[in-house]
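Encoded as C-alpha cells, the structure appears first; notes follow it.
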Amino acid sequence: MERPLAAIVLAAGLGTRMRSARAKVLHELAGEPLIVRSVRAFAALDPGFLVVVIGHQAADVEKTVRTAYSGREAQARLRFAIQNVLRGTGDAARCGLELLPQDFAGDILIGYGDMPMLTAPTLRRFIEAHRASGAPLSFTSLMLDHPAAYGRVVRGADGQVSAIVEARDASPPELAIKEINGGIYLADSAVLRQALAALGANNAQHEYYLTDIVGIARQRGYRVVAWQAPVAEEFAGINSREELARMERHLREEVNRRLMAEGVTLIDPASVYIAPEVKIGVDTTIGPNVQILGHSRIGSGVLIDGTAWLRNVEIGDRSHLKLGVRAEDCVIGEECEVGPFANLREGTRLEGHNRIGNFVETKKARIGRGTKASHLSYLGDAVIGEETNVGCGVITVNYDGYDKHETRVGDRCMVGCDSQLIAPVTVGNDVYVASGTTILHDVPDGALVMSQHPQREKPGWTAQWHRRHAGHPRANARQSRK
C-alpha cells in the first residue's frame with residue numbers, strides 16, 4: 001500500500017529583489033502567476049493535503065491559487081497557512097505543518113512557490129527514488145559549475161550527506177563545492193516534525209532555515225539522501241525581474257521550437273509568445289507579435305496574421321484571424337474570419353463560418369453558423385441565429401444601469417445599419433430591420449420593422465447659422481480660407 005502524501009508550498013516571502021509592491025509569487029510567467037505554475041506540479045501528484053504557506057499579500061495570493069484550482073475536490077484538499085511574521089523558510093514549513101492533521105503519518109513534500117518550471121513527472125521520480133532508498137529524509141540536489149548564492153551540499157568522508165550550508169554562512173572550502181541544494185524536500189512526517197521543532201536561528205540572517213533539517217536529521221542518526229535531479233532548469237527559482245525575463249525567454253524559445261517541430265509555422269519566433277499549455281494543430285501559421293496564453297486550443301490550418309492577443313480561446317480549423325484581434329475566454333468555430341481589430345470578450349461563441357469584422361466587439365454572444373457582423377458593432381449578451389447579417393453600427397443595448405439583459409435574433413435576418421436593440425427583446429426568424437431602427441418590443445417572424453421619422457429640410461438654414469456667428473474666431477478663420 002502506497003504511503004499517504006501531503007505537500008507544502010512555501011509562498012510567504014516578500015521577494016525584495018523584485019523591487020515591487022506586488023508579492024513575488026504573483027508576478028507572471030507566460031501569462032500565469034508564478035504561484036499557479038508552481039502549485040500545479042504539486043497538485044498533479046494528487047496529495048491528500050496541499051498546504052500553501054502565505055504571508056506577504058496573503059489575501060491576494062490565496063485568491064489567485066483558489067481561482068486557479070476551483071474544482072470541488074481540489075478545494076477540499078487545499079489549505080492555506082499564514083506566516084504572520086516572516087522568520088525564514090523553516091518557520092514557514094512549521095506553519096504549513098500545523099495545518100496537517102496531528103495524526104497524519106506519511107511523506108511530506110516541501111517546495112517553493114517561485115519554481116514555475118518544476119514538473120509533476122520530475123517530482124514523481126523524486127518520490128519514487130526517496131521511497132526506494134528507505135531514507136526518512138531526501139532532498140533534490142544539482143551540480144553547477146558556478147553555484148553562486150545557492151546552498152552547498154556538504155558530504156562526509158564516506159560520501160554521505162552531512163548538511164546543507166547556505167552560501168552566506170559557508171566557509172571558503174564549502175563555497176568551492178559544486179553540488180547545490182535543489183530546494184525540494186521529502187520527509188517522513190515524524191522525522192520532519194522532530195527536525196522542524198529543533199530549528200534555531202543562529203545564522204547570518206537570524207532566521208529559521210529549512211535547510212538545517214538536513215544537519216539535524218543527521219545528528220539524530222537518520223540517513224539523508226540527496227537525489228541529483230536530471231534537469232537543473234526545472235529547479236530554477238525567481239528572485240529578480242532579470243531572472244524572470246531570462247526564464248520567460250528560455251520558456252518561449254523551448255515552446256516555439258516544440259511547436260515548429262510539430263508542424264506549426266512561426267513567421268517570427270522571436271516575437272511570438274505562446275504559453276506551454278497551448279495546443280496548436282498542424283499547418284497553422286502565426287505571424288509576428290502574437291501572444292497566445294492560458295489553455296488555448298488552436299486547430300489545423302489556422303492563419304493568425306499578427307499583433308493578436310489570445311487567452312483561453314478555442315479556434316476551429318482553417319479560421320483566419322486578421323491583424324489586431326483580441327479574444328479571451330471564447331470559442332471561434334471552423335472557417336471563421338475575424339478582424340482586423342475585433343474584440344471577442346468572454347463568453348463569445350462563434351458556431352462556424354462566421355465573419356466578425358473591423359471594430360466589432362462581442363461579449364457573451366452566441367452567434368450562429370454563417371452569421372456576419374462586418375463593421376463597427378457591439379453584440380453583448382446576445383443569441384443570434386444562423387445566416388443573419390448584422391449591419392454597420394448595430395448595438396445590443398444590454399445594460400439598464402443595474403442589470404444585463406439578453407437580446408435574441410433569429411435565423412436569416414437582415415439587421416440594418418445604425419440600429420439599436422433594447423434588451424430584453426426577441427427578433428424572430430426572417431425579419432428585416434430597417435436602417436436606423438430602435439427596437440423596443442419583440443418582432444414576429446417574417447416582419448419588416450422600422451422606427452423612421454419623416455425627413456425635413458430648412459432651405460438656407462446654413463447661411464443664417466453662419467451669420468449668427470459672425471465675429472466668432474472660427475468664423476474669421478473660415479472666411480480667411482475662402
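Between residues in the stretch 265-282 that are in the same structural domain as GLY301 (by TED's automatic domain parsing) and residues that are assigned to a helix (DSSP H, G or I) and surrounded by fewer than 17 Cβ atoms within 10 Å (Cβ to Cβ), which pairs lie under 7 Å by C-beta distance while being six or more apart or on different chains? If the second residue must be assigned to a helix (DSSP H, G or I) and surrounded by fewer than 17 Cβ atoms within 10 Å (Cβ to Cβ), the pairs left are LEU266/MET260.
Please go through the stretch 92-138 and pick out each residue that is surrounded by fewer than 22 Cβ atoms within 10 Å (Cβ to Cβ), within 30 Å of GLU243 (Cα to Cα) and among the acidic types (Asp, Glu). None; the set is empty. Filtering the stretch 316-328 for residues that are outside any loop (DSSP other than H, G, I, E, B), under 17 Å from ALA30 (Cα atoms), within 16 Å of the chain's Cα centre (by Cα) and of a type in the set (Gly, Ala, Ser) leaves a non-empty set.
Restricting to the stretch 385-429, give me the number of residues that are assigned to a loop (DSSP other than H, G, I, E, B) and not polar (S, T, N, Q). Selection size over the stretch 385-429: 23. Restricting the first member to the stretch 451-465 and to residues that are over 30 Å from ILE422 (Cβ atoms), and the second to residues that are modelled with pLDDT of 85 or more and surrounded by 10 or more Cβ atoms within 10 Å (Cβ to Cβ), no beta-carbon pair is closer than 6 Å while six or more apart or on different chains. Being surrounded by fewer than 20 Cβ atoms within 10 Å (Cβ to Cβ) and at pLDDT 95 or above is a property that VAL154 lacks. Against the test of being farther than 21 Å from ARG17 by Cβ, at pLDDT below 95 and acidic (Asp, Glu), the options ASP283, ASP212 yield a single qualifying residue, ASP212. Just one of (1) modelled with pLDDT under 95; (2) part of a helix (DSSP H, G or I) fails for ASN181. It is (2).
Conditions (1) on the phi > 0 side of the Ramachandran plot; (2) of a type in the set (Asp, Glu); (3) touching a residue at least 12 places away in the same chain (Cβ under 8 Å), marked per residue:
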| site | (1), (2), (3) |
| --- | --- |
| ASN354 | no, no, yes |
| LEU376 | yes, no, yes |
| VAL383 | no, no, yes |
| VAL390 | no, no, yes |
| ASP400 | no, yes, no |
| HIS405 | no, no, yes |
| VAL415 | no, no, yes |
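Candidates ALA23, ALA59: the one that is assigned by TED's automatic domain parsing to the domain that holds MET117, at pLDDT 90 or above and over 22 Å from GLU242 (Cα atoms) is ALA59. Here ASN429 meets the list (1) farther than 25 Å from LYS364 by Cα; (2) assigned by TED's automatic domain parsing to the domain that holds LYS372 almost entirely, failing just condition (1). Each residue in the stretch 429-445 was checked for being surrounded by fewer than 18 Cβ atoms within 10 Å (Cβ to Cβ) and not polar (S, T, N, Q), and 9 pass.
Only one entry of GLY347, GLY352 meets the criterion of being within 27 Å of the chain's Cα centre (by Cα), surrounded by 18 or more Cβ atoms within 10 Å (Cβ to Cβ), at pLDDT 95 or above and not in a strand (DSSP E or B), and that entry is GLY352.
The values are calculated or read from the model by the stated rules, or taken from the named source; none is laboratory data. Not measured: the values here are computed from a predicted model. With ideal geometry, Cβ positions are generated from the backbone for all residues, glycine too; neighbour counts draw on all protein chains shown.
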